[in-house]
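The values are calculated or read from the model by the stated rules, or taken from the named source; none is laboratory data. What you see is a predicted model, and the numbers here were worked out from it, not measured in a lab. For neighbour counting, all protein chains shown are included, and Cβ atoms are generated from backbone atoms with ideal geometry for every residue, glycine included.
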């Protein structure tokens, strides 16, 4: 996990987010106690109001069970954060690169892309950037999506890191591209399966919580031939294209909707 980051603060936030996801009762206070800090002190570190010393970094690494290489990387992140001289920063970047597995680039986006695809709220946050007069902050995101502020914060940092979002000089966060194209491979297929399961759960919740005015639901069960699948795919792709065009046509966007369509075989056992 740590090699994904160029900031030890974002690393700590993700550690907390992962632990909270596994145990909803886990908190910043519990993490601070485990790491040997006051909760207020750890909060200030995560929010950039104070920083770690190298001794603090080594203590945290030991408490988190980091390997020798991961500990060295964490210490480099701490030094990089406090360094002001550009040459020193470049030297630290080079050492960080050589410390990471397989001498890879400091920031390998593949893990971030996996998480961006598999966690449903990342795509929702991207679309929220187009909501009229909406300020894309962790607090506002958490309120609209029903996720924790920490999850929103970590996701926002990840999308900025991936350069799918960009922070302007005035502080406003905007999209860098209109649509994200995901090409399929075995890793992404696993991520997409996770994403679809999450969205199917959200669709199930919408059936209970949203009125017919807020959603469109329907289904058809049809006898078909496998030979018709190419034509079916063309029809479905045309439908998605038309829905995207409708979204673009809206001048004032107020909400983010999810459109899912699954056309699958119910009779996969041949008689």
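Scanning region 142-173 for residues that are in a helix (DSSP H, G or I), without any contact (Cβ under 8 Å) to a residue 40 or more places away in the chain and under 20 Å from residue 47 (Cβ atoms) yields 142, 143, 149, 152, 155, 156, 160.
Scanning region 81-100 for residues that are touching a helix residue (DSSP H, G or I) at 6+ places or on another chain (Cβ under 9 Å) and within 17 Å of residue 11 (Cα to Cα) yields 81, 93, 96, 97, 99, 100.
Here's the yes/no breakdown for (1) touching a residue at least 12 places away in the same chain (Cβ under 8 Å); (2) touching a helix residue (DSSP H, G or I) at 6+ places or on another chain (Cβ under 6 Å); (3) surrounded by 10 or more Cβ atoms within 10 Å (Cβ to Cβ):
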{"site": "191", "(1), (2), (3)": "yes, yes, yes"}
{"site": "195", "(1), (2), (3)": "yes, yes, yes"}
{"site": "215", "(1), (2), (3)": "no, yes, yes"}
{"site": "218", "(1), (2), (3)": "no, no, no"}
{"site": "221", "(1), (2), (3)": "yes, no, no"}
{"site": "225", "(1), (2), (3)": "no, no, no"}
{"site": "228", "(1), (2), (3)": "no, no, yes"}
{"site": "232", "(1), (2), (3)": "yes, no, yes"}
{"site": "240", "(1), (2), (3)": "yes, no, yes"}
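Whether any residue in region 197-210 is modelled with pLDDT of 90 or more and not in a helix (DSSP H, G or I) is what I want to check. Yes, region 197-210 contains at least one residue that is modelled with pLDDT of 90 or more and not in a helix (DSSP H, G or I).
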